[in-house]
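A.B. asks: My structure is below; once you've seen it, I'll send some questions.
The values are calculated or read from the model by the stated rules, or taken from the named source; none is laboratory data. None of the values given here were measured: they were computed from a predicted structure. Each accessible area value is taken on the protein alone, full model and side chains, heavy atoms only, with ligands, DNA and RNA left out. Shrake-Rupley method; radii C 1.70, N 1.55, O 1.52, S 1.80 Å.
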Amino acid sequence: RYTNTLAVLISEIEDTGFVQIRKGTIVNMRFVCEIDLKTHEIRFDNSTTLQVSRRFWKNIRKYANG
């Protein structure tokens, strides 16, 4: 059982490629195969698509540039 906040968890694992995209959603960027800059969506290698909130788009933007 994990008792810390989501913010603490993210700070602990962000170096491993995990990024917050919504209030309660964290994704592993190693499995993202496409980032749509226009619609703010990310697509995974299993065809799943998730919407990234405007609040957390800055977290994804650095992956889109590099």
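A.B. asks: When the range 41-66 is examined, which residues are found to be open to solvent by less than 50 Å² (accessible area, probe 1.4 Å) and assigned to a loop (DSSP other than H, G, I, E, B)?
C.D. replies: If the condition is that a residue be open to solvent by less than 50 Å² (accessible area, probe 1.4 Å) and assigned to a loop (DSSP other than H, G, I, E, B), then V52, S53 are the ones that fit.
A.B. asks: Could you identify the single residue in L9, L37 that is at pLDDT below 95, open to solvent by 60 Å² or more (accessible area, probe 1.4 Å) and aliphatic (A, V, I, L, M)?
C.D. replies: Working: L9 fails: open to solvent by 60 Å² or more (accessible area, probe 1.4 Å).
Just one listed residue meets the conditions, L37.
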